[in-house]
Ligand code: KMH
Ligand code: ZN
């Protein structure tokens with residue numbers, strides 16, 4: 001099996017310090033957390049940004065500051081969010097692409113998101129994919145429900161995405177595909193040829209989805225964006241604590257851990 005690529009998503013847009021006081025918010029806190037996760041074995045960081053009040057923002061200046069501080073510490077791959085938070089405008093969401101990160105997320109469909117709607121109409125998906133292609137940014141196609149794979153295949157057919165096609169299977173969002181093993185198998189079997197994938201399960205689905213993905217030869221995403229608990233009723237102390245556990249499990253079942261440079265090679269990233 002190929003080495004395991006671990007993506008950490010330490011911030012997200014929805015979780016607050018009230019939910020877990022260990023949530024990193026400021027660029028300094030986020031950079032330190034990135035470094036600790038890198039040391040623990042993460043090779044990609046999925047980045048969201050928060051303003052000085054802790055609210056989600058897509059302000060490129062804040063992204064720029066975070067990226068600078070992270071790059072001073074380590075060579076973890078930066079994947080910025082173009083999803084931001086529900087309700088943000090397309091212009092806000094795409095703004096940090098101008099920083100030319102190595103990777104960016106690209107959700108390929110609209111989905112109910114708890115009590116909100118995460119709105120991704122075809123014109124937006126296509127224009128984000130085109131912009132990423134023009135800039136040489138590798139998209140990670142975020143799949144919250146099965147129809148999004150069909151939309152991703154359309155982008156591939158239109159030659160807007162280069163192989164290997166990187167998919168992030170984000171399971172268990174209320175409104176999206178549930179986080180069961182059966183659903184994971186269905187998503188994986190529905191992916192096109194030349195795909196790579198990582199999976200994450202929201203909340204209590206986190207561990208079963210992670211362990212199954214590792215055993216199947218897929219990759220994993222973890223972190224406070226998806227899950228703030230270490231175990232039932234016990235909050236995680238840090239994102240790095242969650243990375244360390246996955247590294248232990250992976251090693252026990254014979255998966256090596258990819259370094260950022262190994263992940264760059266496997267994903268064929270273009271931007272240095
Ligand atoms: N915060 C969600 C509404 C992404 O980063 O691209 C969207 C999200 C996906 O987190
Ligand atoms: Zn995200």
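The values are calculated or read from the model by the stated rules, or taken from the named source; none is laboratory data. Given the structure is predicted, the values throughout are model-derived calculations rather than measurements. Ideal geometry is used to build each Cβ from the backbone, glycine not excepted, and the neighbour counts take in all protein chains shown.
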### Message
Quick check on this structure: which one of 86, 7 is in a strand (DSSP E or B), closer than 25 Å to residue 197 by Cα and within 16 Å of ligand 1 (Cβ to nearest atom)?
### Response
7
### Task
Could you tell me which numbered condition residue 85 fails, if it satisfies all but one of (1) farther than 30 Å from residue 249 by Cβ; (2) in contact (Cβ under 8 Å) with a residue 60 or more places away in the chain; (3) more than 16 Å from ligand 2 (Cβ to nearest atom)?
(3)
### Query
So is residue 65 over 15 Å from residue 238 (Cβ atoms), at pLDDT 95 or above and part of a helix (DSSP H, G or I) or not?
yes
### Task
Among the residues of region 88-108, write down those that are more than 12 Å from ligand 2 (Cβ to nearest atom), farther than 20 Å from residue 270 by Cα and either under 16 Å from the mean Cα position of the chain (by Cα) or surrounded by 23 or more Cβ atoms within 10 Å (Cβ to Cβ) (or both).
108
### Message
For region 69-83, which positions are part of a loop (DSSP other than H, G, I, E, B) and away from ligand 1 (no atom under 11 Å from the Cβ)?
### Response
74, 75, 76
### Query
Within region 41-75, how many residues turn out to be farther than 20 Å from residue 15 by Cβ and away from ligand 2 (no atom under 16 Å from the Cβ)?
13
### Message
I need the strands (runs of 3 or more DSSP E) fully contained in region 160-272, keeping only those with at least 2 residues that are touching a residue at least 40 places away in the same chain (Cβ under 8 Å).
### Response
165-171, 195-201, 219-222
### Summary
Expected output for region 93-109 (first residue over 18 Å from residue 263 (Cβ atoms) and part of a helix (DSSP H, G or I), partner within 11 Å of ligand 1 (Cβ to nearest atom) and modelled with pLDDT under 95, Cβ below 7 Å, 6+ apart or cross-chain) is none
